[in-house]
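Q: Quick one: the structure is below, and I'll ask about it shortly.
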Amino acid sequence: MRSGNEFKSGGALILSGLVILILMGTFIVCWVAESGSDGVEIAPGGSKDSIIVLNYGEYMERDIFETFEEETGIKVYYDEAATPEEMYAKYKGGAIDYDLMCTSDYMIERLIAEGETREIDFDAMEYADNIDERYYRLSETFDPGNRYSLPYFWGTVGLLYNSAKVKEVPDSWDVIFNGDYSGDIFMTNSMRDAYMCALKYLGYSLNTENKEEIDEAQRLLLNQKKDVEAYLVDEIREEMVAGNAAVAVCYSGEAYLANEYDPDLEYAVPKEGTNLWVDSWCILNKGKNPEGALKFLDFICREDIALLNFEVVYYPTPNRALYESLPEDIREDEYVFPPEDSIVNSEVYAPLSQETTEYYGELWKELKVE
Amino acid sequence: MNRASQKRTLLAFPYIFWIIAFTLIPVLILFWYAFTDAEGAFTLKYLAAVFQKVHLKSLWMSVRLSFVCTVLCLLIAYPLSLCMRSLKISRKWMLTTIVIIPMWMNFVLRIMSWQLILSKNGILNRLFSMLSLPPQNLANSGAAIVIGMVYDFLPFMLLPIYNSVMDVEEDVLEAARDLGAGTLTVIFKILVPLNRPGIISGITMVFVPALTTFAISDMLGGGKVMLIGNIIEQEFLNTMNTHLGSGLSLILMVFILIGMLFSFRLERDQEEYKAKSTAEKEKELC
């Protein structure tokens, strides 16, 4: 009798194991199949009382979720990711149907191209006009016609330098290419930003598709490699605070924080121009509550809420209503808001052709294995 | 099927499930991607991609760094094992613990501390300047990667070697000494040949993870050294060329399999030899 029981339970175990296996197999097949399709039909009558939001880390005041729920009855589930690629993978993985995502310009462009975004009904929004017309125009490069994205914060890529270690205040990309600070340079490890520095220094557009210009930039970067102490992205701020280099290529927002830690660290936008980046919101196709998502976008455009978010991030806000209400000393703080004349030569990244993107990928590998 | 073996099958089931779900299926998916292109058509170009100059260069760099790392690990682990053998039990326990306890800590944290130690204004250079030695620029270089790998993989070399060193009977060494062998002769003529399986498995267990690492080279190489693991990482995460990433992973897998076959064979030879000598011993006793 005992052995019979044991056999039964053993059979049950094997059977349930098989079921799990089959389920997993189906899941994987579905996932593979789905990543090829154009997105999924929205289940009618999906959850109307909540939205799921995906954002960068430390990029939003969490207390506003409670306010939002009090005002609209919609609960906010909040998730974070470090890079646009990670966000993309999280969304495409399909485990969670995110309603909203805040990500970088080129990733927005990619999502639009793949049909993953919904048009934003700006007419239905009360506070969309708070965002300065200028930033909608900037967004045209990656979202033609301003149909899918809402600007959230913007900034520049520039030079973070240690004023105690440089001979003179750098005002040009020249400092990272002329060899004066050999072994004292942190170059950006973000592929497109690295080529951007070289292209701008050479006087070309950062959106060039001309292979000769890109090759010239490559030669410059290959020649620069011996002077580079390290290629970094996230670690640049702490490494500069630790005093491990004189100059680094970094994002304006990082520069503000670096300066808080060490007043010797200052930021400059090179006169040749640089990349203007815009982080924007988009409403995602797979989301179950597009109305709720739109309400949330309207909510964060409201001056008081925009202020709360600004106080967490201290990046330049595209919100004109907020900007005008800020005290003079913050508006004129060059770390927060780069002066108008410093960015005249700057450009926003436009989407590149597949061919150029792959070409960059090859050159980048070539540079790194050298 | 008798009950005992039935029970054994049952106990093995979670493991089999694990293998299928997390090894077999992913490997099959990898094969699928490696042999197809974006349109799903059969192709060999992603496997052939390993012969591109960039990939060969980074593969060669990986092989070189892992070779240096393996040799250094061996040079540290073998003498250390001999020392540990000659110590008393309690000290052996202590040393083993000293080696093993760091392994309980997350390796990312341990590698991060190497960043702090090796960086320009790091602990090492401060120490050097206190001793009025010239500062070393070790951070963000191949040397830093090797240091990190040696530190991280040393236990994998030490443990199999230590075990095989401990397995050698004292009688054998005494016999050698009685016959007039000096310390060096004892080590190179008796111990090393007897410890060959341990040494081989140590070499495999260090060389393979060193060859495939990407996290250590990422954190200590300052983005200036791109190992084959980093290339694969870039293809999967940045360029999102899953097919090329899978193709290169398969090639790397071939390298690993060759290494494992090599060590399996040597181990089998050793076992056969052992079995033969025991049989001979028994015959003599009869």
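The values are calculated or read from the model by the stated rules, or taken from the named source; none is laboratory data. Given the structure is predicted, the values throughout are model-derived calculations rather than measurements. As a convention, Cβ positions derive from the backbone with ideal geometry for all residues, glycine included, and neighbour counts pool all protein chains shown. The area values use the complete protein model at the heavy-atom level, side chains included, leaving out ligands, DNA and RNA. Shrake-Rupley method; radii C 1.70, N 1.55, O 1.52, S 1.80 Å.
Q: Could you give the accessible area per residue of the stretch B:202-286, probe 1.4 Å, as a whole number in Å²? Walk me through the numbers on the way to the answer.
A: Numbers: 4620 Å² over 85 residues.
Value returned for the stretch B:202-286: 54 Å² of accessible area per residue.
Q: Please list A:MET60, B:MET260 in order of solvent-accessible area, largest first, computed with a 1.4 Å probe with all protein chains present.
A: Working: A:MET60 10, B:MET260 75 Å².
Ranked list, largest accessible area first: B:MET260, A:MET60.
Q: Any idea what the dipole of chain A comes to, in debye rounded to 20, about its Cα centre with Lys/Arg Cβ at +1 and Asp/Glu Cβ at -1?
A: Values: 30 positive and 74 negative charges, 356 e Å.
For this selection, approximately 1700 debye.
Q: Also: Which residues among the stretch A:142-178 fall inside the zone where the amide N is under 13 Å from a point 7 Å beyond the Cα of A:LYS271, along Cα→Cβ?
A: A:169-175
Q: Assigning unit charges at the beta carbon (Lys, Arg +1; Asp, Glu -1) and nothing else, what dipole magnitude in debye, to the nearest 20, does the stretch B:1-58 show about its Cα centre?
A: Working: 6 positive and 2 negative charges, 78 e Å.
The dipole magnitude comes to about 380 debye.
Q: Moving on to the next point. What is the sum of charges, Lys and Arg at +1 and Asp and Glu at -1, for the other residues whose Cβ falls under 12 Å from the Cβ of B:VAL172? Don't skip to the answer; put the middle values down first.
A: Working: positive: B:ARG177, B:LYS189; negative: B:ASP167, B:GLU169, B:GLU170, B:ASP171, B:GLU174, B:ASP178.
Taking every other residue near B:VAL172 into account, the sum is -4.
Q: Can you list residues from other chains, or at least 5 along the same chain, whose modelled amide H is less than 5 Å from the amide H of A:ALA81?
A: Amide H neighbours of A:ALA81: A:ASN55, A:TYR56, A:GLY57.
Q: Additional query: Under 5 Å between amide H atoms, partner at least 5 residues away or on a different chain: which partners does A:LYS271 have, H built in plane at 1.01 Å?
A: Answer set, sorted by chain and number: A:SER172, A:TRP173.
Q: Then there's this: In the stretch B:226-242, which residues become less accessible by 10 Å² or more once every protein chain is in place, relative to the chain on its own, using a 1.4 Å probe?
A: B:MET226, B:ILE231, B:GLN234, B:GLU235, B:LEU237, B:ASN238, B:THR239, B:MET240
Q: Please sort B:51-59, A:150-158 by packing, taking for each peptide the average over its residues of neighbouring beta carbons within 10 angstrom, highest first. Write down the numbers at each step before the final one.
A: On the way: B:51-59: 16.8, A:150-158: 24.4.
Going by the mean number of other Cβ atoms within 10 Å, highest first, we get A:150-158, B:51-59.
Q: Below 17 Å, Cα to Cα, which aspartates and glutamates can B:LYS283 reach? Residues fewer than 8 away in the same chain don't count.
A: Within the straight-line cut-off, B:LYS283 pairs with B:GLU272.
Q: If you don't mind, another one. Which of rounded, prolate or oblate describes the stretch A:50-190 when judged by the alpha-carbon gyration tensor and an a/c cut-off of 1.5?
A: Prolate.
Q: Assuming R0 = 41 Å, what is the FRET efficiency of A:SER205 and B:MET260, from their Cβ-Cβ distance, to the nearest 0.05? Mind showing how you got there, number by number?
A: Details: r = 51 Å, r/R0 = 1.25.
Efficiency for this residue pair is about 0.20.
Q: Please report the carbon-and-sulfur percent of the accessible area for the protein assembly as shown; probe 1.4 Å, protein heavy atoms only, DNA, RNA and ligands left out. Don't skip to the answer; put the middle values down first.
A: Numbers: 20440 of 33590 Å².
Summing carbon and sulfur atoms, their accessible area is 61 percent of the total for the protein assembly as shown.
Q: What share of the DSSP beta bridges in the protein assembly as shown is antiparallel, in percent to the nearest 5?
A: Values: 25 of 42 bridges.
Given both bridge residues lie in the protein assembly as shown, the antiparallel proportion sits at roughly 60 percent.
Q: Residue farthest toward the positive end of the dipole of the stretch B:1-144, with Cβ of Lys/Arg at +1 and Asp/Glu at -1: which of B:LEU59, B:ALA139, B:ALA49?
A: B:ALA139
Q: On to the next question. Report the label-to-label distance for A:GLU66 and B:LYS281 in nanometres (one decimal), using points 7 Å from each Cα along the Cα→Cβ vector.
A: So the label points at A:GLU66 and B:LYS281 sit 7.4 nm apart.
Q: Next question, about the same structure. Need the list of aspartates and glutamates near B:LYS189 for cross-linking: C-alpha distance under 14 angstrom, and skip anything on the same chain fewer than eight residues off.
A: Cα-Cα hits under 14 Å: B:GLU174.
Q: Compare each residue of the stretch B:12-27 in its chain alone against the assembly with all protein chains, and report those whose accessible area goes down by 50 Å² or more; 1.4 Å probe, heavy atoms.
A: The answer is B:PHE13, B:PHE17.
Q: A follow-up question, please. Just checking the output field for B:115-128: average partner chain Cβ neighbours within 10 Å of each residue's Cβ?
A: Per residue, the number of nearby Cβ atoms from other chains is 2 on average.
Q: Then there is this: Rounded to the nearest 20 Debye, what is the dipole magnitude of chain B about its Cα centre when Lys and Arg each give +1 and Asp and Glu each give -1 at the C-beta?
A: Values: 24 positive and 19 negative charges, 87 e Å.
So the dipole magnitude of chain B works out to roughly 420 debye.
Q: Just the number, please: percent antiparallel of the DSSP beta bridges in chain A, rounded to the nearest 5. If you can, show how the numbers build up before the last one.
A: Working: 24 of 41 bridges.
Counting DSSP beta bridges with both partners in chain A, the antiparallel share is about 60 percent.
Q: If packing is taken as the mean number of other Cβ atoms within 10 Å per residue, what is the order of A:183-195, A:218-230, highest first? If you can, show how the numbers build up before the last one.
A: Details: A:183-195: 21.2, A:218-230: 17.8.
The peptides rank, most packed first, as A:183-195, A:218-230.
Q: Taking square-rooted eigenvalues a ≥ b ≥ c of the alpha carbon gyration tensor, is chain B rounded, prolate or oblate, where a/c under 1.5 means rounded and, failing that, a/b exceeding b/c means prolate?
A: Values: a/c = 2.05, a/b = 1.20, b/c = 1.71.
Oblate is the answer for chain B, as a/c is 1.5 or above yet b/c matches or exceeds a/b.
Q: Here is a further query. Using packing as a proxy for protection, rank B:216-227, A:256-267, B:168-179 so that the peptide with the highest average count of other Cβ atoms within 10 Å comes first.
A: Ranking, from highest mean packing down: B:216-227, A:256-267, B:168-179.
Q: While we're looking at this one, here's another question. Between B:THR36 and residues 5 or more places away or on another chain, which pairs have amide H atoms under 5 Å apart, with H built 1.01 Å from N, and which residues are they?
A: B:THR43
Q: Still on this structure, I have one more. Counting Lys and Arg as +1 and Asp and Glu as -1, what is the net charge of the other residues whose Cβ lies under 10 Å from the Cβ of A:ARG320? Please report the intermediate quantities before stating the final value.
A: Working: positive: A:ARG134; negative: A:ASP129, A:ASP132, A:GLU133, A:GLU303, A:GLU324.
Surrounding charge for A:ARG320 is -4.
Q: Another question, if that's okay. Under the Karplus relation 6.51 cos²θ - 1.76 cosθ + 1.60, θ = phi - 60°, what is the ordered set of whole-Hz ³J(HN,Hα) values for the stretch A:116-132, x standing for Gly and Pro?
A: 8, 10, 9, 5, 8, 8, 5, 5, 7, 9, 7, 10, 4, 6, 4, 6, 4
Q: Quick one: among B:LEU131, B:LEU154, B:LEU65, which has the greatest mean-square fluctuation in a GNM of chain B with alpha-carbon springs under 10 angstrom?
A: Checking each option, the largest mean-square fluctuation is seen for B:LEU131.
Q: Let me ask another. For the stretch A:269-370, what does the relative contact order come out to in percent, with C-alpha contacts under 8 Å and a separation of six or more?
A: Value for the stretch A:269-370: 43 percent.
Q: At 7 Å along Cα-to-Cβ for each site, give me the label-to-label distance between B:CYS83 and B:TRP104 in nm.
A: 2.3 nm
Q: Determine the relative contact order of chain B: mean sequence separation of Cα pairs under 8 Å and six or more apart, normalised by residue count, in whole percent. Numbers along the way, then the final one.
A: Values: 271 pairs, mean separation 79.1, N = 286.
Here the relative contact order equals 28 percent.
Q: Listed here are the pairs A:LYS225/B:LYS120; A:LYS271/A:LYS365; A:LYS368/B:LYS53; A:LYS75/A:LYS295; which of them are more than 21 Å apart at the Cα? Walk me through the numbers on the way to the answer.
A: Numbers: A:LYS225/B:LYS120 18 Å; A:LYS271/A:LYS365 29 Å; A:LYS368/B:LYS53 12 Å; A:LYS75/A:LYS295 12 Å.
Cα-Cα > 21 Å for A:LYS271/A:LYS365; rest within.
Q: Computed on protein heavy atoms with a 1.4 Å probe, what is the summed buried accessible area for the chain pair A and B, in Å² to the nearest 100?
A: 3000 Å²
Q: When the Karplus curve 6.51 cos²θ - 1.76 cosθ + 1.60 is applied with θ = phi - 60°, which whole-Hz ³J(HN,Hα) does each residue of the stretch B:197-213 get, with x for Gly and Pro?
A: Here the 3J(HN,Hα) series is x, x, 5, 4, 6, x, 4, 4, 5, 9, 5, 5, x, 5, 5, 9, 5 Hz.
Q: Please list, by residue number, everything in the stretch B:134-151 whose backbone N is under 18 Å from a paramagnetic label point 7 Å out along Cα→Cβ of B:ASN121.
A: B:135-140
Q: Tell me the label-point distance for the pair A:GLU340, B:ILE19, using the 7 Å Cα-to-Cβ offset, in nm and rounded to one decimal.
A: My value for the distance between the label points is 7.1 nm.
Q: Quick one: 3J(HN,Hα) in Hz for the stretch A:189-195, Karplus 6.51/-1.76/1.60 with θ = phi - 60°, rounded, Gly and Pro as x.
A: 9, 8, 3, 5, 4, 4, 5
Q: Given Cα pairs under 8 Å that are at least 6 residues apart, what percent is the relative contact order of chain A?
A: 26 percent
Q: Then there's this: Count, for each residue of A:76-86, the Cβ atoms from other chains sitting within 10 Å of its Cβ, then give me the mean as a whole number. It would help to have the intermediate numbers written out before the result.
A: Numbers: counts 0, 0, 0, 0, 0, 0, 0, 2, 0, 5, 1.
Rounded to a whole number, the mean comes out at 1.
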